[in-house]
Amino acid sequence: MRPVLAESRSGRRARLDKLRESILHRKVLAGDLSAVGGPAFQGRWTRRQWAHASLFATLGALVAALVPGFSAPQSGTAEASLAAPRTTLALALPALPLHRRAAADSWQMVTVDDGQTLGDLFAQVGVPASTMHQLLEATSDRRALVRLRPGTVIGFDIPAEGQLRALRYDRDDTHRVLLTLAGDKVEEQVVERPTTIRTVVVSGEVGKSLFWSARRQGLSGRAINQLTDEIFKYDIDFSSDVAATDRYSVVVDQVWREGELIRTGDIQAATFTVRGKPHSAFRFEHDGKAEYYTANGTPLKKAFIRMPVAYTRISSGFTNARKHPILGRVRAHQGVDFAAPPGTPIMAAGNARVAFVGWKGGYGRAVILDHGRGYTTLYGHMSRFGKERVGQRIPQGTVIGYVGASGLATGPHLHYEFRVNGVHRNPMSVTMPPPEPLRGLALAQFKSQTSQALAKIRQVEDVIYADADGAPRKPDKKA
C-alpha cells in the first residue's frame with residue numbers, strides 16, 4: 001500500500017504546481033506585479049524606474065539625431081555641388097563595322113606560327129576542311145591565304161552554334177579582306193584601312209640598359225639593333241664605352257592605323273653622346289643604295305671590317321718569323337689567326353668582287369676577295385664555302401664561308417690576310433682607306449634632307465636635357 005500512497009502524493013503535488021502556475025499567469029496578465037515579486041505602481045516611480053526611463057530617453061534622442069544624417073546630405077555640400085559649373089564633352093569614336101556589331105565577341109583571332117598552314121589553323125578552331133576549300137575557291141586572293149607568313153593574324157567569326165560565319169585577314173597594311181558565308185555562297189569584301197605616317201623623335205638616357213631604356217621610350221627592337229649593330233658599330237663599343245648617363249636621340253617614321261602602331265620604319269637620323277662626345281648619323285639614299293653618313297656627308301660605314309669573324313682569341317699574330325706548328329720550319333706568318341668554334345660564319349671585310357673560291361695548298365678551303373684600288377683579302381682553313389661564285393660582286397658583311405681546320409691547321413680557326421698592291425699588311429694595325437664622302441649635287445641634297453631631322457633632334461633635346469653646367473635649358477616656345 002505504501003507505493004500507491006507515495007504515487008498519489010506525487011500526483012497531488014504535480015496538480016498543485018500546475019494550479020499555482022495558472023493563477024500566477026492570470027495575475028500577470030491582469031497587471032498585478034506583486035504576484036511576480038515586483039511592487040505594483042503606487043502613483044510615483046522608484047529610483048530604478050527613473051533610471052530606466054532616463055536611459056531609454058537618452059537612447060531615443062541619439063537615434064533621432066543620427067538617423068537623419070545618414071539619409072540626407074548636408075545642405076551646404078549639396079548646394080555647392082549643384083552650383084558648380086559642369087561641362088559635357090562629346091568624344092567621336094570610330095564606327096564599328098557591321099560584321100562586328102552583330103557579334104562583337106564571336107571573333108577568334110589566331111596567329112600563324114612557324115610551319116603552320118591554313119589547314120592547321122582551320123583544324124585548330126574546329127572548322128572542317130570542306131569550308132576552307134569553299135573559301136579558297138571564292139576568294140580572289142588565294143595566294144595570300146595559302147602562303148601564310150609567321151606572325152600573320154587570321155580572324156574566325158564563330159558564333160555559339162559552332163559554324164563559321166566569316167573569315168578575315170589583312171592583305172597588306174591598308175586592305176583587309178572579309179569573306180562571309182551565306183549558305184552555299186561566299187561574299188568577298190575588301191575593306192580599305194588607311195594608314196598615317198608620323199615622324200617622331202625618341203630620346204632618353206642609357207640607364208642600366210640601353211635596350212630596356214629605348215623600349216620604354218617606344219623604340220622597336222629592330223630599330224635598337226639597327227642603332228647598335230649597323231649605324232654606330234664602327235665608332236662606339238656598346239659593351240664597354242657606354243655609361244648610364246650617356247644619351248641618345250633617334251628620328252623614326254612610325255606607321256599608324258586606326259589608332260594602333262603597326263610598324264616602325266628605318267632610323268632616319270640619330271645622335272649618341274658617349275662620355276660627352278657626340279656621334280651623329282643620317283640616312284641618305286645615294287646611287288640607289290641607302291646608307292648612313294655623318295653631318296658633313298662622310299659614310300659611317302668603314303671600307304673594311306678589321307675583324308671579319310666573331311673570334312674567341314687571336315691564336316697567332318702577324319710576324320715576320322715563327323716556327324710553323326706542322327712543318328717545323330721557321331718562316332713568316334703574314335696574316336692573323338682568329339681561333340673560333342667550327343662553323344662560325346666568316347664575313348667579307350668589305351665590298352668586293354670574288355676572285356677565288358677553292359682549295360689553295362696549305363690554306364685549305366680559301367676565298368680571295370678583290371676590293372679594288374689594290375686591296376685584296378684572303379680567308380683560309382674554311383670548313384665549307386658560302387654561296388658566292390668567282391666574279392660575283394658582294395657587299396661588306398656577306399657570309400662567304402665557315403670556320404674549319406682544312407689544310408695545314410692544328411685546330412679550327414680563320415687565317416686572315418690583308419694585302420695592299422700585293423704586299424702583306426698587318427690587318428690589326430694597318431691604316432684602312434677612308435670611305436669616299438659625298439660631293440657636289442649629292443652633298444647638297446644630303447644637307448637639305450638631313451637639316452630637318454637635325455632640327456627636330458635639337459628641338460627635343462633642348463627641352464629634355466640640361467646644359468653642360470647643369471642648369472636646365474629654357475624650352476623652345478615652338479617645341
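The values are calculated or read from the model by the stated rules, or taken from the named source; none is laboratory data. Keep in mind that what you see is a predicted model, and the values were worked out from it rather than measured. Backbone-built Cβ (ideal geometry, glycine too); neighbour counts: all protein chains shown.
In region 228-240, is there at least one residue being at pLDDT below 90, among the aromatic types (Phe, Trp, Tyr) and within 30 Å of ARG373 (Cβ to Cβ)?
yes
Of the residues ALA366, ALA442, ALA352, which is farther than 25 Å from LYS289 by Cβ and in contact with a strand residue (DSSP E or B) (Cβ under 6 Å, 6 or more places away or on another chain)? Spell out how you get there, then give the answer.
Details: ALA442 fails: farther than 25 Å from LYS289 by Cβ; ALA352 fails: farther than 25 Å from LYS289 by Cβ.
From the options ALA366, ALA442, ALA352, the qualifying one is ALA366.
Could we say that ALA244 is outside any strand (DSSP E or B), of a type outside the set (Lys, Arg) and over 25 Å from LEU438 (Cα atoms) here? Lay out the reasoning, then the answer.
On the way: outside any strand (DSSP E or B): yes; of a type outside the set (Lys, Arg): yes; over 25 Å from LEU438 (Cα atoms): yes.
Criteria met by ALA244.
Does ILE236 qualify as being among the aliphatic types (A, V, I, L, M), part of a strand (DSSP E or B) and surrounded by 15 or more Cβ atoms within 10 Å (Cβ to Cβ)?
Considered against the rule, which asks whether it is among the aliphatic types (A, V, I, L, M), part of a strand (DSSP E or B) and surrounded by 15 or more Cβ atoms within 10 Å (Cβ to Cβ), ILE236 comes out as no.
Restricting to region 370-393, name every residue that is β-branched (Val, Ile, Thr) and surrounded by 15 or more Cβ atoms within 10 Å (Cβ to Cβ).
Taking region 370-393 first, the residues β-branched (Val, Ile, Thr) are 376-377, 390.
Passing the criteria: THR376, THR377.
Within region 390-409, track down each residue that is more than 40 Å from the chain's Cα centre (by Cα) and of a type outside the set (Val, Ile, Thr).
Here is the first cut: in region 390-409, the ones more than 40 Å from the chain's Cα centre (by Cα) are 390-391, 405-409.
If the condition is that a residue be more than 40 Å from the chain's Cα centre (by Cα) and of a type outside the set (Val, Ile, Thr), then GLY391, ALA405, SER406, GLY407, LEU408, ALA409 are the ones that fit.
Exactly one condition in (1) farther than 20 Å from LYS301 by Cα; (2) assigned to a loop (DSSP other than H, G, I, E, B); (3) among the charged types (D, E, K, R) is not met by ARG419; state its number.
Among (1) farther than 20 Å from LYS301 by Cα; (2) assigned to a loop (DSSP other than H, G, I, E, B); (3) among the charged types (D, E, K, R), the lone unmet condition for ARG419 is (2).
Listed residues VAL110, VAL186, VAL201, VAL177; which is closer than 30 Å to VAL274 by Cβ, touching a strand residue (DSSP E or B) at 6+ places or on another chain (Cβ under 9 Å) and part of a strand (DSSP E or B)?
Values: VAL110 fails: closer than 30 Å to VAL274 by Cβ; VAL186 fails: closer than 30 Å to VAL274 by Cβ; VAL177 fails: closer than 30 Å to VAL274 by Cβ.
On inspection, the qualifying residue turns out to be VAL201.
Take ALA243 and tell me if it is among the small types (Gly, Ala, Ser) and over 18 Å from ALA295 (Cα atoms). Step through it out loud before you land on a result.
Values: among the small types (Gly, Ala, Ser): yes; over 18 Å from ALA295 (Cα atoms): yes.
Yes; evaluated as a whole, the condition is true for this residue.
Looking for whichever is of a type outside the set (Val, Ile, Thr), within 21 Å of ARG306 (Cα to Cα) and in contact with a His (Cβ under 9 Å, 6 or more places away or on another chain) here; the options are HIS371, HIS415, HIS424. Which one fits? Before the answer, list the steps.
Details: HIS371 fails: in contact with a His (Cβ under 9 Å, 6 or more places away or on another chain); HIS424 fails: in contact with a His (Cβ under 9 Å, 6 or more places away or on another chain).
Unique residue meeting the criteria: HIS415.
Might you check whether a residue that is exposed (fewer than 14 other Cβ atoms within 10 Å of the Cβ), closer than 27 Å to SER448 by Cα and free of Cβ contacts under 8 Å to residues at least 60 places away in the same chain occurs anywhere in region 204-213?
Within region 204-213 (the criterion being exposed (fewer than 14 other Cβ atoms within 10 Å of the Cβ), closer than 27 Å to SER448 by Cα and free of Cβ contacts under 8 Å to residues at least 60 places away in the same chain), the answer is no, since none of the residues qualifies.
Can you pull out the residues in region 345-356 that are buried (at least 20 other Cβ atoms within 10 Å of the Cβ) and either polar (S, T, N, Q) or over 19 Å from PHE318 (Cβ atoms) (or both)? Break it down stepwise before answering.
Going through region 345-356, the residues buried (at least 20 other Cβ atoms within 10 Å of the Cβ) turn out to be 346, 348-350, 352, 354.
Residues satisfying the conditions are ALA348, ALA352, VAL354.
How many residues does region 141-156 hold that are more than 15 Å from PHE122 (Cα to Cα), of a type outside the set (A, V, I, L, M, F, W, C) and surrounded by 11 or more Cβ atoms within 10 Å (Cβ to Cβ)?
Of the residues in that region, 2 qualify.
Only one of ALA104, ALA138 is within 23 Å of ARG171 (Cα to Cα), at pLDDT 80 or above and either small (Gly, Ala, Ser) or in the same structural domain as ARG257 (by TED's automatic domain parsing) (or both). Can you tell me which? Working first, answer last.
Numbers: ALA104 fails: at pLDDT 80 or above.
One residue alone meets the criteria, ALA138.
Among the residues in region 266-281, are any surrounded by 14 or more Cβ atoms within 10 Å (Cβ to Cβ) and in a loop (DSSP other than H, G, I, E, B)?
no
Could you identify the single residue in THR410, THR431 that is surrounded by fewer than 18 Cβ atoms within 10 Å (Cβ to Cβ), of a type in the set (Val, Ile, Thr) and over 18 Å from ASP337 (Cα atoms)? Please lay out each step first, then the result.
Numbers: THR410 fails: over 18 Å from ASP337 (Cα atoms).
Just one listed residue meets the conditions, THR431.
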